[in-house]
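Worksheet: the structure to be examined is printed underneath.
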Amino acid sequence: MSDILTLTLRRLRAPFITLISVYAIAIFGLVLMPGVDPHGNPWKLSLFDAFYIMSYTATTIGFGEVPYPFSYAQRLWMTVSIYITVIGWAYTLGSIFALTRHPAFRIALGRFRFEGRVRRMTDPFYVVCGYGQSGRRLVAALDEIGYATVVLEIEPDRARAHLVRDTRQPSALLIADARAPDVLEAAGIRMPNCAGLVALTRDDQVNQAIAIGARVLARELPVLARVKSPGAREMLEAIGNVIVVNPFETFAFNLGLALAQPDTLRLEDWLTGVPGAKPPPHIEAPSGHWVIAGYGRFGHCAGQALLAAGLSYKAIDIDPASCGEEGILGTALAEERLRQAGIDDACGLIAGTDIDVNNLAVVNTSRRAKRKLFVVIRQNEVGNRSLIAAARADMEFVQSAVMTNECLQLLTTPLLNRFLMLARKQPNVWAVGVAGRVRDVVGDVVPHVWAITCDPDLLGVRHALVESPEPALTLFHLLADPDDRRRRLNAVPLLLLTSGRDVLLPDEQTPLRSGDRILFAGEGGVEGLQRRTLTDDVAIDYLRTGHEPSRTWLGRLLAGARGTAQAKTS
């Protein structure tokens, strides 16, 4: 607001002074003009009368000549006043219209409206810095699962995409540099309901600066930054309390899972996807020799994953610095280079250049040399989706999809990340069983995933675990509808964190303790019913005993009296 006021006073100072001067001249001139009363006596208007007359003249109301008819001198001055005030108003209004079109004023007004929308957010929200492919996809996913969003984007062309997007939850957009501390503060990172900040700009140095600024301004705020360079990663890890995600390394890890534990990979992709979307396909990568086309940062990460799985590979790149001694210098578009890399004996191909058209051409050339290949392709631009789809690849690297899954996993449901870490240590067949249980509950779509905490500050939890611990509160009760205990809720408990130990796929008869945290996967809306149960002592008693106590003090008093009478009778 201060910027708007300062800019307004600065730009309209001359028009306002001009308008005030014009009216001052008109009023004082009218006071000095001689008049005649009905008896022929000379008189002059008072300062108040002159101000009154000029006021209704300026508003075009026109009450007439008061208190007496004007003399010719007064009428002449009124004529002059009308023209000079019209000129003054034209100049002032023109300046006002010019101010509203001034870029600086529009920026200040947009900033003021943005800050107002952020202040009005009462539910948890995330700040997303960068509205590229990954940012747009993440905002849509957060909106789908019920989180408000605040978007910061420095490029107007990218920001316009947010203006035409319909969101279910509140969302605010500011075109500004998120590295500036005042911009981060305006985005609400110090507000108690700010759930986290995600830096997803295209520049590692910018993401690093945003993460450091957010960490300084809000030390307890969860911060996630996408970086690909080792230097930026080391800097953020040295600062601490910043979640660093390298999408190339994440995809390489997934490639390793596709080689060793394909069903575990599918379970991960399924649980970290956007709720309601189609489940990911089953991907099982073969073992043998691989060819990597494009040996930049993405190709190096993929190569490390192959080496970790005990597989051989040969890389092709046109850049001698990237290729190194172990690679083949040249373009993978040439069939000769592909054969030199061993495409005839290869079981898989990774088309990982930074040009989508080249990746598609590499895939087609490789298939002409060897028809049966497991193909991994990299998509760089969202507008080239049709090109990547034409490759009919077995596995695709889409950076925005990888980042969305990682952000949802690491920020919105930290307990999910703990579950996935444990799931990776289980045999592949275990993941098949878990996926089957979830599919039986939600069908063939990505489930909602949420965590519930048995917080003793909640009325229902305190009543069930402290005030009246019998019968014991179990997972079975949390999986029942608080309105009808005979109806089971469509959810599966994936992980129980109790007394510092993890219990995978806990039994429904497991008794719950104060502070226990449970991870569920299931249909949307179940989380709300469970949270209602934990905050309602009457609902918890109904689920545990089958009897619904009275909600009024009089009803409870009468129920207590009846219980006492029955005890005496028995």
- Query: Looking at Tyr91, Tyr147, which one is open to solvent by 10 Å² or more (accessible area, probe 1.4 Å), within 20 Å of Ala225 (Cα to Cα) and not charged (D, E, K, R)?
  - Reply: Tyr147
- Task: Considering only the range 185-200, state which residues are among the aliphatic types (A, V, I, L, M) and either within 18 Å of Ile243 (Cα to Cα) or without any contact (Cβ under 8 Å) to a residue 12 or more places away in the chain (or both).
- Result: Ile189, Ala195, Leu197, Val198, Ala199, Leu200
- Item | Flag for Gly240 being more than 24 Å from Gly296 (Cβ to Cβ), among the small types (Gly, Ala, Ser) and surrounded by 19 or more Cβ atoms within 10 Å (Cβ to Cβ) | no
- Query: Any idea which of Pro103, Pro170, Pro156, Pro181 is touching a Leu at 6+ places or on another chain (Cβ under 9 Å) and free of Cβ contacts under 8 Å to residues at least 60 places away in the same chain?
  - Reply: Pro181
- Item | Sole residue being among the acidic types (Asp, Glu) and in a helix (DSSP H, G or I), chosen from Glu406, Glu396 | Glu406
- Query: How many residues, within the range 125-144, are assigned to a helix (DSSP H, G or I) and either of a type in the set (Val, Ile, Thr) or on the phi > 0 side of the Ramachandran plot (or both)?
  - Reply: 1
- Task: Please verify whether the range 59-77 includes one or more residues that are out of contact with any Pro (no Cβ under 8 Å at 6 or more places or on another chain), among the small types (Gly, Ala, Ser), farther than 29 Å from Leu9 by Cα and open to solvent by less than 50 Å² (accessible area, probe 1.4 Å).
- Result: yes
- Can Thr122 be described as exposed (fewer than 14 other Cβ atoms within 10 Å of the Cβ), of a type in the set (S, T, N, Q) and either part of a loop (DSSP other than H, G, I, E, B) or at pLDDT below 90 (or both)? yes
- Item | Condition check for Pro15: in contact (Cβ under 8 Å) with a residue 12 or more places away in the chain, more than 30 Å from Pro156 (Cβ to Cβ) and not hydrophobic (A, V, I, L, M, F, W, C) | no
- Query: Tell me, which helices (runs of 4 or more DSSP H) lie completely within the range 282-375 with 1 or more residues that are open to solvent by 10 Å² or more (accessible area, probe 1.4 Å) and among the acidic types (Asp, Glu)?
  - Reply: 335-340
- In this structure, is Pro42 of a type outside the set (S, T, N, Q) and farther than 27 Å from Phe97 by Cα? yes
- Query: Out of (1) among the β-branched types (Val, Ile, Thr); (2) in a helix (DSSP H, G or I); (3) farther than 30 Å from Pro156 by Cα, what's the single condition that is false for Ile4?
  - Reply: (3)
- Note on the structure: Those residues of the range 338-354 that are over 26 Å from Gln399 (Cβ atoms) and either in contact (Cβ under 8 Å) with a residue 60 or more places away in the chain or charged (D, E, K, R) (or both) come to a total of 3
- Item | Positions within the range 247-271 being open to solvent by 10 Å² or more (accessible area, probe 1.4 Å) and either of a type in the set (Ser, Thr, Tyr) or assigned to a strand (DSSP E or B) (or both), in sequence order | Thr250
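The values are calculated or read from the model by the stated rules, or taken from the named source; none is laboratory data. The structure presented is a predicted model; accordingly, all values stated were derived computationally and were not measured. We place every Cβ from the backbone using ideal geometry, glycine too, and count neighbours over all the protein chains shown. Ligands, DNA and RNA are stripped out before the accessible areas are found, and what is left, the full protein with its side chains, is counted by its heavy atoms. Shrake-Rupley method; radii C 1.70, N 1.55, O 1.52, S 1.80 Å.
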